[in-house]
Amino acid sequence: MSKMKLQCVFLAVVLLISVSAPNERPDFGHNDDVHPNVFMDVPDVHSNMDVPDTNTETNWDVQDINKDNYEDADWHPPPSFPDTSDLPPDDPPPIRSSADQTRNNDSSTSLCGEYGGQVTSDGRCRLVAALPPTGMPQKRCPDIFRCTDDISYWLRENQEGRDQLEELKETMSDLQEELRMHQHRIQALETQSEDGVTLNATFAHRLRSLETRHAQADTLLHVHAALLYELQAQLRNLSAAVRHVSRNSDCKVNVVRTPPPPLSMRDKLLPDRHFLSFCPSDCASLYQNGVRRSGVYTIVLSPGTPLPVYCDMDTEGGGWTVFQRRRDGSVSFNRGWTDYRDGFGEARGEHWLGNHQLHLLSNQGHYSLRIHLQDWGHAHRHAHYSSFRIEDEENRYRLHVSGFSGTVEDSFGWYHNLQDFSTPDTGDICAEISHAGWWFHQCFYANLNGVYYQGGQYSLKAQNLLGPDGIVWFSWKDSDFYSLKAVSMMVRPNNFRPRLSP
C-alpha cells in the first residue's frame, strides 16, 4: 500500500513539473556548495488528483525519491521544518486536504497532504523536502530561479568593467606619456627661450661693441683723412724740392778720380760714368748703386742741402758713413755747442759731421754703430752696437745705443746710453774738465772727442788738469790717463748686405 502511495505522489510531482512554465525550471548545476531549502506547492491529492493545476509552481525536478543519490540536489531543508527524509516508507506523514487547509489557514504550521506539506496563504499545499548537507557553509541565493542569470549578468558586467578599466589604464598611460612629451617640449621651449635671451644679450653686446668700434673707426677715418691731406701737401712740397734738386748740379755725386785700379777691381766702379743721377742718403745707398771704393762722396739728408761724407767701403763689407775721425790731432775738439751741432773739420781728415746731420742720418731707419780703436802700439780693436740713434736738438741730441759686441770690453754703451750731449759752453762740469763735447755721465768711461796726446800717456800734474781729458776708452788700459792714437765712429743700416763680386 505504501508503494502505491509513493508512486502516486511521484506521478503527481512529474505532472506538476511538466505543467510548470519552461522558464521557471530550476538549475541546480551552478551551485554545488549550497543546498537551499526548496518549497514546492502540490495540490491536495484527495481533492485535485485528477485535474492538473496549471498554476502550481515548483522549484526542482524530482528524480527518484527511493534512491539515496543526492549529487544533483542543490538545496537543504530549513531548520524550522521537520525532517521527513527519515520517515519510514510504510508510515508516511498524512497529507491534509484543502478543506483542512481552509480550516487551518490562520495557522502558519498547518499541514496538508500525506507527506506533511505546509498550507500557503492562497490555500495551496507546499511540499517540503530536504537534502543532506555537502560539508560547505550554507549560502543562500536570493532567487533560485534567477541566481544563475544574475551571476552571469554580474560576471559580464564585471568583465566589461575590467575591460573598461584596462582601456582607461591604457588611456591614462597614453595621456601620461603625452603629458611627459608636453613637459619635455615645454622644457625645450624654456631652454630655447633662455638661449634666445642669452643670444639676444650677446647680439646686443656685439652690436654695442660694433657701434663703439664704428665710432672709433669713424674718428680714425677723419684723422686719417686729415693726415692724408697733410701727406699729400708734403708730397707736393717734396716733389717740388726733388725737381729743384734735380736741376741743381750739387745733388750729383762726383766720383773721386783715382789711378786706374787693377783688373779685378774695375767691376766695382761704374763704367764710363763720372756722376750718379740720384741723391743718395748715406754711403750704403751709394754702395748698392755700385760705388765700392772708400772716399768722400756727397749725400743729401735734407732737400737742397748736399753733405760731403767719408764712406768706408772696406770695413766689414763697406757701406759705412763716417761721422767722427781722430788720427793726428790736427783738429781741436774743444768746441762749443754750435760747432758740434753744425759740424767741423774735413771729411778726408779729422772731423765731426755735426749733431744735426747725425740726427737726420740715424733716424732714416734702423742703424748700427761701429767704433774703430787703435793704440800707439798699432793694436786695432772695435766695438759694435746693433742699435744707434740720437734725438734732435730740442732733446739735446740724447743718445740711444745698445746691442754691444766686439773685440774690446764695452766702455761706452752701458754707461753713456740715454745721456744728453754736452759741450764746455753749456755749463756741464764734465765737458769743461774734459775739454770736449760728448754724452757725459759723471763724467765718462769713454771720451773719443778728448784732447789728442802724443804717445798716449799723460798726467794731471804735467798738464795742470782738473781731471782726465784725453781720448779715453777706459777698458783698453783700465785707466783714464791713456789717450788712443786713432779712433773713428761710423754708421750703416742694420739690413745692409754686401754684394759679392762675381
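The values are calculated or read from the model by the stated rules, or taken from the named source; none is laboratory data. All values reported here derive from a predicted model rather than from experimental measurement. Here the Cβ is made from the backbone with ideal geometry for all residues, glycine too, and neighbour counts use every protein chain on show. What goes into the accessible areas is simple: the full protein's heavy atoms, side chains included, and nothing from ligands, DNA or RNA. Shrake-Rupley method; radii C 1.70, N 1.55, O 1.52, S 1.80 Å.
Taking the criterion of being closer than 21 Å to Pro493 by Cα and either among the basic types (Lys, Arg) or without any contact (Cβ under 8 Å) to a residue 12 or more places away in the chain (or both), would at least one residue in the range 399-420 satisfy it? Scanning the range 399-420, I find no residue that is closer than 21 Å to Pro493 by Cα and either among the basic types (Lys, Arg) or without any contact (Cβ under 8 Å) to a residue 12 or more places away in the chain (or both), so the answer is no.
On the basis of being over 22 Å from Ile371 (Cβ atoms) and at pLDDT below 95, does Gln442 make the cut?
no
Among the residues of the range 322-334, those identified as surrounded by fewer than 20 Cβ atoms within 10 Å (Cβ to Cβ) and either on the phi < 0 side of the Ramachandran plot or not in a loop (DSSP other than H, G, I, E, B) (or both) are Gln324, Arg327, Asp328, Ser330, Val331, Ser332, Asn334. Looking across Ser402, Ser387, one residue alone is surrounded by fewer than 14 Cβ atoms within 10 Å (Cβ to Cβ), under 51 Å from the mean Cα position of the chain (by Cα) and outside any helix (DSSP H, G or I). It is Ser402. Regarding the range 488-500, can at least one residue be identified that is of a type outside the set (Lys, Arg), free of Cβ contacts under 8 Å to residues at least 12 places away in the same chain, over 25 Å from Glu346 (Cβ atoms) and part of a loop (DSSP other than H, G, I, E, B)? Yes. Within the set Asn254, Asn289, the sole residue that is modelled with pLDDT of 75 or more, in contact with a Phe, Trp or Tyr (Cβ under 9 Å, 6 or more places away or on another chain) and surrounded by 10 or more Cβ atoms within 10 Å (Cβ to Cβ) turns out to be Asn289.
Residues that are open to solvent by less than 40 Å² (accessible area, probe 1.4 Å) and touching a helix residue (DSSP H, G or I) at 6+ places or on another chain (Cβ under 9 Å) within the range 416-432 comprise Phe421, Ser422, Thr423, Pro424, Ala431, listed in sequence order.
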